[in-house]
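Below is one structure, written out as structure tokens; the observations come after it.
The values are calculated or read from the model by the stated rules, or taken from the named source; none is laboratory data. No experiment lies behind these values; they were computed from the predicted model shown. Reconstructed Cβ throughout: ideal geometry from the backbone, glycine too, with neighbour counts over all protein chains shown.
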Amino acid sequence: MLINFFKKLVPACLPEDIEEVALDLGHSDNKEECLRKTYDLLTKKYRGYRVKTYLRIFELFTNDLEKIWKKNGFLHCTNLNYLMRVLLVKSGCFKDGDVRQRWTTVWFLSPHQYLRVKLGENEFVNIDLWSHAYGIPFGKYAHGFNT
């Protein structure tokens, strides 16, 4: 129930500025390059904050892609993952089914979402944009006390 509740659809049409970014990402040489470019772009523009996760809980349910995109700084993990999924799918390098939502807990208490992205037949990469600011690198995700 929790997973489906936070699964937002990739829109058929994107705001112009997001569309331009997605098209640029589509010029990547391969899936991994597209994924890394998207990761770098989003981790430079956004980040997670432990305290703001709770203080700005009302923003968790924002579905307006343009409103999310115009922000800088803090975003909830679910909104960061939504942006990543949209950019990857709209780049043309990935199918929606290649980008899967996964759930864990941070500090064994707080629910946390990260992505598992399919690069090849049996090749997957974990992506956790929210926890990048806490030293979790590309390919890893926050869980337990590792933030």
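Given Lys52, Lys70, Lys90, Lys95, which one is surrounded by 13 or more Cβ atoms within 10 Å (Cβ to Cβ) and either at pLDDT 95 or above or farther than 17 Å from His132 by Cβ (or both)?
Only one candidate passes the filter, namely Lys90.
With the requirement that a residue be loosely packed, with under 15 Cβ neighbours inside 10 Å and in a strand (DSSP E or B), what does the range 127-147 give you?
Gly139, Gly144
Return the residues of the range 95-120 that are out of contact with any strand residue (DSSP E or B) (no Cβ under 7 Å at 6 or more places or on another chain) and either outside any helix (DSSP H, G or I) or within 20 Å of Pro137 (Cβ to Cβ) (or both); say none if nothing qualifies.
Lys95, Trp107, Leu109, Ser110, Gly120, listed by residue number.
If I ask for residues that are over 16 Å from the mean Cα position of the chain (by Cα), part of a helix (DSSP H, G or I) and modelled with pLDDT of 95 or more, which ones from the range 1-32 would you list?
Glu16, Asp17, Glu19, Glu20, Leu23, Asp24
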